[in-house]
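Take a look at the structure set out below.
The values are calculated or read from the model by the stated rules, or taken from the named source; none is laboratory data. Given the structure is predicted, the values throughout are model-derived calculations rather than measurements. FYI the Cβ positions are ideal-geometry reconstructions off the backbone, even for glycines, and counts take in every protein chain you see.
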Amino acid sequence: MKINSVMVIGCGGLGGFVIEELARLGIKHLVLVDGDDFAKSNMNRQLESGLDTLGEKKAIVYKHRLERKGETKVTAVPEFFSEQNASLLDSVDVVMDCVDTAKARLFIEKKCEEHGKIFVHGGLEGSFGQACVCFPGDKTLSKFYANYTEQPHTTNAFTVATVASLQVALLSKLILDETEEIKNKLVMVDLDSFTIDVIKV
Amino acid sequence: MVTVRLFGAARVNFKDREVKIEASTVKELVDKLIAKYNSNMKSWRQFMYYVNDVSIEDLKLYKTPLKDGDVVMVVSLGTGG
């Protein structure tokens, strides 16, 4: 699959690492969507969070980071993903789900369904995380989050970085046209007991 | 005995990595887990259950029979990022 442009929704923990890896993978155009500013609470896990970026828009900060390398075209959208900007999906090949609530993830799934887009999901809780590729019609997240009760997260840099890398590894399978290896599969990583499980979804 | 492996929020909430429980159906298993962890059905309804790597949605849901040696994975997706 030819992937020239990727939208990253959420430029926090997962998003920061995903953006970095996509740029280094050679994706030509990245669209970064996040209305959030850097806060002190981000410092435990978010790549660009620091005293010099506190209060700045994450999407803009990552745009500047990639501009220093100069090889990736970056469009920063410093707004939360919503009905108002969902039409931007039509300008990209694939979407990366890097947000941090079930509600926001289900909205991404809904919009990707409507726009016929593939998205790569990643999420985590403590030392556990998961990633999968969601094709139109799969509705994988709806199955898992149907009865989900939102609760405060515990997150750390090593789980964030691992799950982000899983997401980009899955995207690379799309580029290589090895979709049979990833279709309907959920990769679960456990950094407490150091296991990776792949289950059919 | 059935081996139950807990992932994600299930592990975070209930601390155990793996437990062994006597149960003849998934429903009985979940009831015993609720009692063991002094929790409620709402907590356990949000998880997905896999018996020997097959989702109970593709089996008989909570009526799925269990036998000695089965492995049940209790899975929830993390939402953090």
Mind telling me which of the residues A:LYS58, A:LYS63, A:LYS40 ends up being surrounded by fewer than 24 Cβ atoms within 10 Å (Cβ to Cβ) and either on the phi > 0 side of the Ramachandran plot or in contact (Cβ under 8 Å) with a residue 24 or more places away in the chain (or both)?
A:LYS63
Given A:LEU22, A:LEU89, A:LEU14, A:LEU32, which one is within 22 Å of A:LYS117 (Cα to Cα) and assigned to a strand (DSSP E or B)?
A:LEU32
Being without any contact (Cβ under 8 Å) to a residue 60 or more places away in the chain, closer than 19 Å to A:THR195 by Cβ and charged (D, E, K, R) narrows it down to one of B:ARG11, B:ARG5, B:ARG45, so name that one.
B:ARG11
Looking only at the stretch A:171-179, decide whether some residue is among the charged types (D, E, K, R), within 11 Å of chain B (Cβ to nearest Cβ) and either surrounded by fewer than 21 Cβ atoms within 10 Å (Cβ to Cβ) or within 23 Å of B:GLN46 (Cα to Cα) (or both).
no
Enumeration of residues in the stretch B:29-60 that are surrounded by 15 or more Cβ atoms within 10 Å (Cβ to Cβ) and either at positive phi or part of a strand (DSSP E or B) (or both)
B:MET48, B:TYR49, B:TYR50, B:VAL51, B:SER55
A:SER41 passes all but one of the listed conditions (1) within 19 Å of A:VAL120 (Cβ to Cβ); (2) within 14 Å of another protein chain (Cβ to nearest Cβ); (3) part of a helix (DSSP H, G or I); the exception is number (1)
Pick from A:ASN44, A:ASN147, A:ASN156: which is out of contact with any Cys (no Cβ under 8 Å at 6 or more places or on another chain), under 21 Å from A:ASP197 (Cβ atoms) and at pLDDT below 95?
A:ASN156
Looking at (1) more than 10 Å from chain B (Cβ to nearest Cβ); (2) in contact (Cβ under 8 Å) with a residue 12 or more places away in the chain; (3) in a helix (DSSP H, G or I), which is the only condition A:LYS110 fails?
(2)
In the list A:SER5, A:SER82, which residue meets the criterion of being over 25 Å from B:LEU77 (Cβ atoms), out of contact with any helix residue (DSSP H, G or I) (no Cβ under 6 Å at 6 or more places or on another chain) and not acidic (Asp, Glu)?
A:SER5
B:LYS20 versus (1) assigned to a helix (DSSP H, G or I); (2) away from every other protein chain (no Cβ under 12 Å); (3) touching a strand residue (DSSP E or B) at 6+ places or on another chain (Cβ under 8 Å); (4) basic (Lys, Arg): which is the lone unmet condition?
(1)
Give me the strands (runs of 3 or more DSSP E) completely within the stretch A:120-201, filtered to those with at least 2 residues that are touching a residue at least 24 places away in the same chain (Cβ under 8 Å) and of a type in the set (Val, Ile, Thr), ordered by residue number.
A:185-190
If we keep just the residues of the stretch B:61-71 that are over 22 Å from A:THR149 (Cα atoms) and surrounded by 13 or more Cβ atoms within 10 Å (Cβ to Cβ), which is nearest to the other protein chains (Cβ to nearest Cβ)?
B:VAL71
Filter the stretch A:84-107 for residues that are under 11 Å from the mean Cα position of the chain (by Cα) and at the interface with chain B (Cβ under 9 Å from one of its Cβ atoms); the one that is nearest to A:THR155 (Cα to Cα) is A:ASP100
I'm told B:PHE47 meets every condition in (1) of a type in the set (Phe, Trp, Tyr); (2) more than 9 Å from chain A (Cβ to nearest Cβ); (3) within 10 Å of the chain's Cα centre (by Cα) except one. Can you identify the failing condition by its number?
(2)
Specify which of the listed residues (A:PHE135, A:PHE144, A:PHE128, A:PHE158) is within 12 Å of another protein chain (Cβ to nearest Cβ) and out of contact with any helix residue (DSSP H, G or I) (no Cβ under 7 Å at 6 or more places or on another chain).
A:PHE144
